[in-house]
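Undergrad: Before I ask anything, let me first share the structure, which is written out below as structure tokens.
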Amino acid sequence: PALLLPPDAEKTPDYWNEGARKRLESVLASQLAAQRAKNMILFMGDGMGLSTMSAARIYKGQLAGSSGEESVLAMETFPHVALAKTYTIDRQVPDSAGTGTAYLCGVKTNAKTLGLSGAAIYGKCCTTFGNEVDSILHRARLSAYAHSASRSWYADANMPKEALRDGCKDIAYQLVHNTDINVILGGGRMYMTPRQTPDPEYPEDSAQNGTRKDGLNLIAKWLSSKQGARYVWDKKGLDAVEADSVSHLMGLFEPKDMKYELNRNASTDPSIVEMTEKAIRILRRNPNGFFLFVEDDLIPCAGGRIDHGHHNGRAKQALMEAVMLDRAVARAGELTSPSDTLTVVTADHSHVFTFGGNTLRGTSIFGLAPKKAKDKRAYTSILYGNGPGYSIRDGGRPAASLPAAEDKDYRQQAAVPLETETHSGEDVVVLARGPMAHLFHGVQEQHYIAHAMAYAACLEPYAAEPGCRAARRASSGTQCFPQPLLTLLALCVAAYMVGG
């Protein structure tokens, strides 16, 4: 591909000076939004570390025909920024379950456990009871979602006999029975239906059949427990749902994972942008407010799969997912107001993903470094510290080449051979806009995110803080949000589970 050159205007000092002046004037004119939040939206890009955000910014610009580096993600326009430390109680480099418990429940815990304190032991069902911790969902509507000693217990078929005997429930079961969530959109149909139940989209493929051993049809159970509830399984069905006509909507669009955006059939499967829009249009009808959680990679319900792309060493898939998450952020901003909606964008952890090699301005983010390596072979700007991209042929590293490196499924090279690329342990960015967004500043422990959001919305344990009494009167209820609508978007069956 041709090198995209920067505009000539950038060669003059006036260009940069004027741009900085405008930014200064904008910051100086801004005011802190100290009122309480009516609505809360949390966007979680699984594995969306700072290097991923930077590369996605360039990719976004290059998709639009520019050199890319000067592009701006929608999330980057948020005025308040913090860093979050992602370690878990037992690990320097975290997983998605432990970090999910931190940013949603407000306490750090051990890796591979979710909705439980650090007293719980991974895989030990009996350590669940008494160690449950409440999520923001609980604080918003005095309900809770999943508490599990293993993030891998998607359905009862995935649980050991000992755990079932001890009374633990799988995460799909908890989704339907533990909390009243108004909008559930994502994938994971097979974990909701009895074994051998044909999938509506792939009825001839027995590998996509339901997996539950207990004979329960959790979709039917959910529908029967909520008046006027709707269930859809494809884009056509989602498009047909009138936002003004339903208060409860479940949409499960794949047996397991949602497809990567670059692989998605746009006529049958909705995008994360479309799911976000439908959820907000339903939720914003409630005068008491709503809490929306948009998570891009908690399988089996991923609406986007940044984390999976990185684990597979396929950077183009990962970066397209990050671009799509940012488009969902932008669309949410168009459908809500920063005057009453606190929007937070962050990641649970990062990856051993980087780009470098002294590449020239405007070089494709998936292109080659301008000079060959010491082994006299070309290499891509994007590289992984470890993962499946490690390769030795004829005693050496194979040379990277174009156009192969631009393919959506190309695996960038890795330094250490592993079946799957790993997370990394550095801090992640937290960006915020709206009421009390200034609470997100400095370098914080990751569990602080849940506390700052709870404070902003007058939720427990901060319901009695200054300013909350007026908020409660305004909502005509006993709490700031007596009955807010809740939704987990792209978090349908499994919370804080696999994603690395």
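The values are calculated or read from the model by the stated rules, or taken from the named source; none is laboratory data. Keep in mind that what you see is a predicted model, and the values were worked out from it rather than measured. Positions of Cβ are generated from backbone atoms using ideal geometry, with glycine treated the same way; all protein chains shown enter the neighbour counts. All accessible areas refer to the heavy atoms of the entire protein, side chains included, with ligands and DNA or RNA removed. Shrake-Rupley method; radii C 1.70, N 1.55, O 1.52, S 1.80 Å.
Undergrad: So if I take the centroid of the Cα atoms in the stretch 164-178 and the same for the stretch 437-453, what is the distance between those two points in Å?
TA: With the stretch 164-178 and the stretch 437-453 each reduced to a Cα centre, they are spaced 31 Å.
Undergrad: Here is a follow-up. Which of the peptides 408-419, 389-400 is most tightly packed, and how do the rest follow, judged by the mean count of other Cβ atoms within 10 Å per residue? Mind showing how you got there, number by number?
TA: Numbers: 408-419: 15.9, 389-400: 13.1.
So the order, starting with the most tightly packed, is 408-419, 389-400.
Undergrad: Residues with beta-carbon under 13 Å from that of residue 211, excluding residue 211: net charge, scoring Lys, Arg +1 and Asp, Glu -1?
TA: +1
Undergrad: Considering only protein heavy atoms and a 1.4 Å probe, what is the carbon-and-sulfur percentage of the accessible area of the stretch 196-323? Could you put the intermediate results ahead of the total?
TA: Working: 2230 of 4780 Å².
Whole-percent figure for carbon plus sulfur exposure: 47.
Undergrad: A further question on this structure: Tell me, what is the FRET efficiency for residue 241 and residue 177 to the nearest 0.05, using R0 = 22 angstrom and their Cβ-Cβ distance as r?
TA: FRET efficiency, residue 241 to residue 177: 0.40.
Undergrad: Filter the DSSP H helices in the chain by two things, a Kyte-Doolittle mean of at least 0.0 and an axial alpha-carbon span of 15 angstrom or more, and list the hits by number.
TA: Details: long enough: 13-29 (24 Å, -0.97); 50-63 (20 Å, 0.12); 272-283 (16 Å, 0.76); 315-335 (30 Å, 0.34).
Taking the DSSP H segments of the chain (at least 15 Å long, mean hydropathy at least 0.0), we get 50-63, 272-283, 315-335.
Undergrad: Can you tell which of 451, 410, 266 lies farthest toward the positive end of the dipole of the chain, using +1 and -1 charges on the Cβ of basic and acidic side chains (Lys, Arg; Asp, Glu)?
TA: Checking the options against the dipole of the chain, the answer is 451.
Undergrad: Quick one: of 124/316; 60/278; 213/259; 60/256, which pairs are farther than 30 Å apart, Cα to Cα? If you can, show how the numbers build up before the last one.
TA: On the way: 124/316 38 Å; 60/278 24 Å; 213/259 26 Å; 60/256 28 Å.
From the list (124/316; 60/278; 213/259; 60/256), the Cα-Cα distance tops 30 Å for 124/316.
Undergrad: So what J values fall out for the stretch 342-349 if you push phi through Karplus, 6.51 cos²θ - 1.76 cosθ + 1.60 with θ = phi - 60°, rounded to Hz, Gly and Pro as x?
TA: Here the 3J(HN,Hα) series is 8, 10, 10, 10, 7, 9, 7, 6 Hz.
Undergrad: Need the C-alpha centroid separation for the stretch 328-395 versus the stretch 220-266, integer Å.
TA: One Cα centre to the other: 32 Å.
Undergrad: Moving on. Need the C-alpha centroid separation for the stretch 45-59 versus the stretch 74-107, integer Å.
TA: Centre-to-centre (Cα) distance: 15 Å.
Undergrad: Could you calculate, for the chain, the ratio of the Cα radius of gyration to the Kirkwood radius, expressed as Rg to Rh?
TA: Numbers: Rg = 22.8 Å, Rh = 23.4 Å.
When Rh is taken as the Kirkwood radius, the ratio is 0.97.
Undergrad: Carbon-plus-sulfur fraction of the accessible area of the stretch 373-466, 1.4 Å probe, in percent?
TA: Values: 2410 of 4290 Å².
On the stretch 373-466, the fraction of accessible area on carbon and sulfur atoms equals 56 percent.
Undergrad: Taking the Cα centre of the chain as origin, work out the dipole magnitude from +1 charges on Lys and Arg Cβ and -1 charges on Asp and Glu Cβ, in debye rounded to 20. Don't skip to the end; give the middle numbers.
TA: Numbers: 54 positive and 54 negative charges, 67 e Å.
Dipole magnitude for the chain comes out near 320 debye.
Undergrad: Okay, moving on. Please give, to one decimal in nm, the separation of the simple spin-label points placed at residue 14 and residue 377, each 7 Å out from Cα toward the Cβ.
TA: 5.1 nm
Undergrad: Report the calculated FRET efficiency for residue 162 and residue 29 (r = Cβ-Cβ distance, R0 = 56 Å), to the nearest 0.05.
TA: Numbers: r = 61 Å, r/R0 = 1.09.
Computed FRET efficiency for residue 162 and residue 29: 0.35.
Undergrad: Lys and Arg at +1, Asp and Glu at -1: add these up for the other residues within a Cβ distance under 11 Å of residue 337 and post the number.
TA: Values: positive: 38, 284, 433; negative: 334, 340.
Around residue 337, the charge tally is +1.
Undergrad: Turning to a different aspect of this structure: Roughly how big is the stretch 154-209's charge dipole about its Cα centre, with Cβ charges of +1 (Lys, Arg) and -1 (Asp, Glu), in debye to the nearest 20?
TA: On the way: 5 positive and 9 negative charges, 41 e Å.
My answer is approximately 200 debye.
Undergrad: Shifting gears a bit: Counting each DSSP H run of 4 or more residues in the chain as -39500 (n - 2.57), what helix-only mean residue ellipticity at 222 nm follows after dividing by all residues, to the nearest 500 deg cm²/dmol? Display every interim value, and only then the final one.
TA: Details: 13 runs with 128 residues, N = 500.
Per the formula, -7500 deg cm²/dmol.
Undergrad: Can you give me the distance in nm between label points at residue 360 and residue 399, each placed 7 Å from the Cα along the Cα-to-Cβ direction?
TA: That separation, rounded to one decimal, is 1.9 nm.
Undergrad: Just the number, please: percent antiparallel of the DSSP beta bridges in the chain, rounded to the nearest 5. Write down the numbers at each step before the final one.
TA: Working: 18 of 53 bridges.
Beta bridges within the chain, antiparallel portion: roughly 35 percent.
Undergrad: Taking 0.36 nm per residue of separation and subtracting the Cα-Cα distance, what length does fully extending residue 124 through residue 3 add? Could the numbers behind the result be given before it?
TA: Working: separation 121, 0.36 × 121 = 43.56 nm, distance 5.53 nm.
Gain in length upon complete extension: 38.0 nm.
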